[in-house]
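Have a look at the structure below, then the notes.
Readers should treat all values here as calculations from the given coordinates under stated rules, not as data from a laboratory. This structure is a prediction, so every number in the text was calculated from the model and none was measured. Positions of Cβ are backbone-derived with ideal geometry, glycine not excepted, and every protein chain shown enters the neighbour counts.
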2 protein chains.
Amino acid sequence: MKLSQGVEWGLHCVVLLAQDPDGAPVSRRTLAQQFALPETYLAKHLQALVRSGVLQATSGPKGGFRLARPPEEITALDVLEAIEGSASPFVCQEIRQRGTGGVPPEECRLPCTVSSVMAAAHEAWRASLRGVTVAEIRERLPKNVRERDVRATAPG
Amino acid sequence: MKLSQGVEWGLHCVVLLAQDPDGAPVSRRTLAQQFALPETYLAKHLQALVRSGVLQATSGPKGGFRLARPPEEITALDVLEAIEGSASPFVCQEIRQRGTGGVPPEECRLPCTVSSVMAAAHEAWRASLRGVTVAEIRERLPKNVRERDVRATAPG
DNA sequence: CGTATCGAGGACATCCAATGTCCACGATAC
DNA sequence: GTATCGTGGACATTGGATGTCCTCGATACG
Ligand code: SF4
Ligand code: SF4
């Protein structure tokens, strides 16, 4: 089980944008330079965040990304599932239908206990992430991370 | 984020063995045939379960696998982490140390809020799985799955 | 003892999604 | 008009998951 590294990128970028929610848009170049990330690949994840309604993009010079909602209304789960998708990590392959003791498909309409247990764990995981907002992460960041100035390298 | 399919294989095999905890060992061949799984690859996962102390293996003719503990003392988490490992799905790459706003390593001894949030979610997930035993899964299985007879194709 | 059956474990080959790059396009500020 | 910026698709690369095969040691049975 492995989470895409893009989740870390996305969380850091969103938290960074949350430090100045109503400022000018921040370009993908500036965001990438903040963490020394590959710009074009980071752009893919930023696009996903836009599609999910977490970020809002502006084209043209002086364009870039900003939060689409106040940081109090963006949860860690929003960011994670924008990048990672919301599918359950456990994919049932219906192996109960195969092999010597195979159960006919007619009797497999309902998911079995095994998949229910895994689904419950997934939901516990989601609930934990849903309970934390980007605003809270921002407030609880260590000082040296929080005081980062995203405008330092911006043109002008 | 994707869970190895071996987890489903392992859970089903362990539950199957839990239906007759004190019977003769079941060979990997029989287990594979029960679900039409590739035998040698399933063997890898069974080995992992043995290394983790969930299963006990016996060599020689009439050998095979059986539970190392009563099913009441084996949790879904035991099976999952035996196969999948217990590492957190979120791997921190310390991107706060890189780039324009890089923080020096001396100030990064403690994990930041982002990784704490992810760690809490991981722990919620583990706690959910730790709360379910193989015995409970066995009891709650639908009848057509539970009544499977693992001896049907055994030699003799 | 010899032989057949079993698991342990390492050396591969294969597959596929994650990762990363590049280019053409439309939008916008100046 | 031009330079800057995001969008989206077409690639190439990489590493882990998947799957196979072979050798070895252990054991039941005669
Ligand atoms: S028994 Fe459960 S986990 Fe197994 S194949 Fe059926 S639904 Fe999936
Ligand atoms: S800020 Fe947190 S998630 Fe980001 S690199 Fe540091 S410890 Fe990891």
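Quick check: the distance between the Cα centres of the range B:82-147 and the range A:27-77, to the nearest angstrom? Computed from Cα coordinates, the inter-centre distance equals 26 Å.
Only helices enter this figure: runs of n ≥ 4 DSSP H residues, each worth -39500 (n - 2.57), summed and divided by the residues of the protein assembly as shown, yield -13500 deg cm²/dmol at 222 nm to the nearest 500. Here the gap between residue A:72 and residue A:87, fully extended at 0.36 nm per residue and compared with their Cα-Cα distance, gives a gain of 2.9 nm.
How much net charge surrounds residue B:77 when only the other residues with a Cβ under 14 Å from the Cβ of residue B:77 are counted, with Lys and Arg +1 and Asp and Glu -1? Summing Lys and Arg as +1 and Asp and Glu as -1 gives -3. Legend: ranking of residues A:118, A:1 from fewest to most surrounding C-beta atoms inside 10 Å; resulting order A:1, A:118. Where in the range A:61-117 are there trypsin sites (Lys or Arg not before Pro) that are in a DSSP coil and have at most 16 other Cβ atoms within 10 angstrom of their Cβ? Of the trypsin sites (Lys or Arg not before Pro), the ones in loops of the range A:61-117 whose Cβ has at most 16 other Cβ atoms within 10 Å are A:62, A:98, A:109. When the GluC sites (Glu not before Pro) in the range B:25-104 are filtered for DSSP coil states and for at most 16 other beta-carbon atoms within 10 Å of their beta-carbon, the remaining sites are B:94. Springs between Cα atoms under 10 Å define the GNM used for chain A, and in it the highest mean-square fluctuation of A:89, A:38, A:61 occurs at A:61.
Distances between copies at residue B:69, taken between label points 7 Å from Cα along the C-beta direction, are 4.1 nm in increasing order. For chain A, the longest principal axis of the alpha carbon atoms and the long axis of helix A:113-130 meet at an angle near 10°.
Remark: B:133, A:58 ranked as A:58, B:133, counting other beta-carbon atoms within 10 Å and listing the fewest first.
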